Amino acid sequence: MQDIIFDEFDKATLGKLQDHYSVKSLAKKYELNEKTLWKWIRAGRLKAHKIGGSVRIPKSEVLKLVEDWM
C-alpha cells in the first residue's frame with residue numbers, strides 16, 4: 001500500500017475537520033468489498049487521508065460517491 005499518495009493535513013485545515021470513516025467501516029456500511037475501496041483510493045476516485053497511522057475517508061468524499069451512484 002506504499003504506492004498510495006494521501007493528502008496531508010496542514011494547520012489551515014485543522015479547524016475545518018469533518019467526520020471521517022475507515023475503509024472497513026465504509027465497506028460495511030455500504031456493503032462494498034474493502035478491496036474495491038482500496039482500488040478506488042489508488043485510482044484517485046475516492047480521496048483519503050492518513051490520520052495517526054490509519055487511513056480515513058472524509059464524509060464529503062462519501063457523499064460525492066453516493067451522489068454518483070444516484
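Any read-out appearing in this document is the output of simple, stated calculations on the displayed coordinates, not a laboratory observation. Quick caveat: nothing in here was measured; it's all calculated off a predicted structure. No Cβ is skipped: glycine too gets one built from the backbone with ideal geometry, and neighbour counts run over all protein chains shown.
Could you point to the residue in 51, 26, 65 farthest towards the positive end of the range 18-69's charge dipole, with +1 and -1 charges on the Cβ of Lys/Arg and Asp/Glu respectively? Selected residue: 51. One chain, two ends: residue 59 and residue 34. Fully extended at 0.36 nm per residue, the span grows by 7.3 nm beyond their Cα-Cα distance.
Under 5 Å between amide hydrogens, built in the peptide plane, is the criterion, and for residue 55 it picks out nothing among residues at least 5 positions away or on other chains. Rounded, prolate or oblate: pick one for the range 18-69, where a ≥ b ≥ c are the square roots of the eigenvalues of its C-alpha gyration tensor, a/c under 1.5 means rounded, and failing that, prolate if a/b is larger than b/c, else oblate. Verdict is rounded for the range 18-69.
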